[in-house]
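Asks: Here you go, one structure.
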Amino acid sequence: MIDRFLAAIPGVIGAALVIAVAYFIGRLVAQLVTGLLAGVGFDRLPAALGFKPAAGAASPSRIVGTLVMVVIILLAVQAALPLLHCTDPHPRPKGIPGRTAPTVRI
C-alpha cells in the first residue's frame, strides 16, 4: 500500500507542474487575447447586433479570453492524465472514424 502511494508521487508532481505551467501560460494568452479583441473593437459587437449589456456583465473580449484560458487548462489536464496512469474511461470501438486521419485514394 505504501509502495503504491510512494510510486504515485512523481506522477502527481509531474501532473501538477504541467497544469501549473498551463495555468500561467493560459493567463498570459488570455490577457493577450482580451487586449487584442478590445483593441479591435470586439466589445462593440453586441451593441451593433442590438444586444443590451447586462449590469455588471463582463465584456465580450474578457469572456473570450477566459474561454481561451479554460481550453488551455483542459488541454493540459488531458496531457497530464497519462502521468497519473489514467486510462480512457470510454474507449472507441475499432472501426469508428476519428482515431486516424482519413486516407484519400485517387
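Asks: Out of (1) in contact with a Phe, Trp or Tyr (Cβ under 9 Å, 6 or more places away or on another chain); (2) at pLDDT 95 or above, what's the single condition that is false for Ser59?
Replies: (2)
Asks: Moving on to the next point. For residues that are open to solvent by less than 60 Å² (accessible area, probe 1.4 Å), free of Cβ contacts under 8 Å to residues at least 40 places away in the same chain and part of a helix (DSSP H, G or I), scanning just the stretch 44-89, find the one that is nearest to Ala20 (Cα to Cα).
Replies: So the residue we want is Gly65.
Asks: Another question about this same structure. Answer yes or no: is there a residue in the stretch 3-10 that is in contact with a helix residue (DSSP H, G or I) (Cβ under 7 Å, 6 or more places away or on another chain) and either open to solvent by 90 Å² or more (accessible area, probe 1.4 Å) or part of a helix (DSSP H, G or I) (or both). Walk me through it before giving the result.
Replies: We begin by selecting, within the stretch 3-10, every residue in contact with a helix residue (DSSP H, G or I) (Cβ under 7 Å, 6 or more places away or on another chain); these are none.
So far as the stretch 3-10 goes, no, none of its residues is in contact with a helix residue (DSSP H, G or I) (Cβ under 7 Å, 6 or more places away or on another chain) and either open to solvent by 90 Å² or more (accessible area, probe 1.4 Å) or part of a helix (DSSP H, G or I) (or both).
Asks: Is it the case that some residue within the stretch 19-38 is more than 26 Å from Val77 (Cβ to Cβ), surrounded by 14 or more Cβ atoms within 10 Å (Cβ to Cβ) and touching a helix residue (DSSP H, G or I) at 6+ places or on another chain (Cβ under 7 Å)?
Replies: yes
The values are calculated or read from the model by the stated rules, or taken from the named source; none is laboratory data. Source: prediction; values computed, not measured. So basically every Cβ, Gly included, is an ideal-geometry build from the backbone, and we count neighbours across all protein chains shown. These area figures cover heavy atoms from the full protein model, side chains too; ligands, DNA and RNA do not enter into them. Shrake-Rupley method; radii C 1.70, N 1.55, O 1.52, S 1.80 Å.
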